[in-house]
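The values are calculated or read from the model by the stated rules, or taken from the named source; none is laboratory data. Quantities reported herein were computed from a predicted structural model and do not represent experimental measurements. Counting neighbours? That spans all protein chains shown, and the Cβs are built from the backbone with ideal geometry, glycine included. To get the accessible areas, we keep the full protein, side chains included, count just its heavy atoms, and leave off ligands, DNA and RNA. Shrake-Rupley method; radii C 1.70, N 1.55, O 1.52, S 1.80 Å.
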There are 2 protein chains.
Amino acid sequence: MIDSYPSQLLQNAVDEFGKLPGVGRKTALRLVLHLLRQDPKRSEALGESIIRLRHEVHYCKACHNISDSETCSICSDPRRDHRTICVVENVKDVMIIESTHQFSGVYHVLGGLISPMDGIGPSQLEIDSLVTRVRQGGVDEVILALSTTIEGDTTNFYIFRKLAEFANLKITTLARGVSVGDELEYTDSVTLGRSIQNRTLFTHSFPQK
Amino acid sequence: MIDSYPSQLLQNAVDEFGKLPGVGRKTALRLVLHLLRQDPKRSEALGESIIRLRHEVHYCKACHNISDSETCSICSDPRRDHRTICVVENVKDVMIIESTHQFSGVYHVLGGLISPMDGIGPSQLEIDSLVTRVRQGGVDEVILALSTTIEGDTTNFYIFRKLAEFANLKITTLARGVSVGDELEYTDSVTLGRSIQNRTLFTHSFPQK
């Protein structure tokens, strides 16, 4: 265990790196010593990209995706189908679905899933803003593209009931090509792309008596 | 494979993190999304610590260790034994030896080991400056504390021959408590501390006929 640092600057950098998830003190020291060895410009580029990220990044006021401006590049794209909203848990899921190149609609980022165990209730998620978006009209279909976990299913049900008042709205969910119990982010993009194309009516995804 | 980023700022940050050793694109994205979620002040602290590290860090002009000033805290400490110089490969090894609290002398950081396979020759290391330090006088002992690998042994020999001209200089090496073939940084500090106390004359560490 290293308890002695020759430089306060070095120790600060190791401390800060060590706060990242999955980065222990040994890894932090290795990364910092690497930064010291390499071209100063490359180390500065990393530092500045972190600061700019935090200062300048926006969240789209329509879909709550990460954005460089007030409205994200997807919501402001006239070629996208604004009548189809794909509901996802987080920003990463938007990126994963975009990478399948199978979806031309727009998104709605919830910012999490309902999880009583973690103290996350519907009010902490962007569910009310989704209902408002649908109420304002111009939406034909809402695709629920959440992970097939207990939290995902709970959130699906909650949103389904919230949107039940809109008689002409089609509520669909991803085709069950995604294995039950799997996280969305570990699904390969071919399976995920197909499950978007073959999406089914929400009510069809449960066994009928 | 994610090929679509909603934000240029996000993509820049992922690109920069992905250049760190052992950090792939998936890990980089995970770290960046973590930075986005947490308190902005903590992300800024990381970014600034990296930039300050690169702008403000010095290398000690005597021993070439990392330092916050022109002379490092060890070389400028009058309580240290300046007549005993411990030669190490890099800055990390100084930290590792300091953590044993068994050594009260000063250091000399080579900046690497002689390694013809990697194209590293003696002239790229701080060997001449070590000889100059000894020539200036006031040094009783040089401890060679390099890894017990082929590169470490080669460098040991090279330095030993360079310092042979100083008749009254004692040249020692770490006691062979360190297993042959092991990297110094993976040695536990008890073993390492004992091997500093039991250091042997350089000529004694080879089998006699």
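Within segment A:99-132, if we keep just the residues that are without any contact (Cβ under 8 Å) to a residue 12 or more places away in the chain and assigned to a helix (DSSP H, G or I), the residue that is nearest to the other protein chains (Cβ to nearest Cβ) turns out to be A:Asp118. Beta carbons closer than 7 Å, at least 6 apart along the sequence or on distinct chains, pair a first residue in segment A:37-65 that is of a type in the set (Lys, Arg) with a second that is open to solvent by less than 30 Å² (accessible area, probe 1.4 Å) and outside any loop (DSSP other than H, G, I, E, B) for A:Arg52/B:Leu9; A:Arg54/B:Leu35; A:Arg54/B:Ser43. Restricting the search to segment B:46-75, which residues are in a helix (DSSP H, G or I) and surrounded by 17 or more Cβ atoms within 10 Å (Cβ to Cβ)? Across segment B:46-75, the qualifying residues are B:Leu46, B:Gly47, B:Glu48, B:Ser49, B:Ile50, B:Ile51, B:Leu53, B:Arg54. The lone criterion from (1) assigned to a helix (DSSP H, G or I); (2) open to solvent by 20 Å² or more (accessible area, probe 1.4 Å) left unmet by A:Pro78 is number (1).
Pairing each residue of segment B:136-153 that is closer than 12 Å to B:Ile85 by Cβ and open to solvent by 20 Å² or more (accessible area, probe 1.4 Å) with any residue that is assigned to a loop (DSSP other than H, G, I, E, B) and not charged (D, E, K, R), provided the two are 6+ apart or on different chains, yields C-beta distances under 7 Å for B:Val139/B:Leu169. Of all the residues in segment A:20-42, those that are part of a loop (DSSP other than H, G, I, E, B) and either at the interface with chain B (Cβ under 7 Å from one of its Cβ atoms) or open to solvent by less than 40 Å² (accessible area, probe 1.4 Å) (or both) number 5. Taken as a whole, the condition of being among the hydrophobic types (A, V, I, L, M, F, W, C) and closer than 30 Å to A:Ile96 by Cα does not apply to B:Leu53.
Residues that are under 15 Å from B:Phe17 (Cβ atoms) and hydrophobic (A, V, I, L, M, F, W, C) within segment A:23-56 comprise A:Val23, A:Ala28, A:Leu31, A:Val32, A:Leu35, A:Ala45, A:Leu46, A:Ile50, A:Ile51, A:Leu53, listed in sequence order. Scanning segment B:113-135 for residues that are of a type in the set (A, V, I, L, M, F, W, C) and exposed (fewer than 13 other Cβ atoms within 10 Å of the Cβ) yields one hit, B:Met117.
The residues of segment A:54-93 that are among the hydrophobic types (A, V, I, L, M, F, W, C), within 13 Å of chain B (Cβ to nearest Cβ) and out of contact with any Leu (no Cβ under 6 Å at 6 or more places or on another chain), listed by number, are A:Cys60, A:Ala62, A:Cys63, A:Cys72, A:Ile74, A:Cys75, A:Val88, A:Val91. Selection of segment B:1-15 for residues being surrounded by fewer than 22 Cβ atoms within 10 Å (Cβ to Cβ) and either more than 7 Å from chain A (Cβ to nearest Cβ) or within 28 Å of the chain's Cα centre (by Cα) (or both) yields B:Gln11, B:Asp15.
With respect to the conditions (1) closer than 30 Å to B:Ile96 by Cβ; (2) touching a residue at least 24 places away in the same chain (Cβ under 8 Å); (3) of a type in the set (A, V, I, L, M), A:Val32 lacks only one, and its number is (2).
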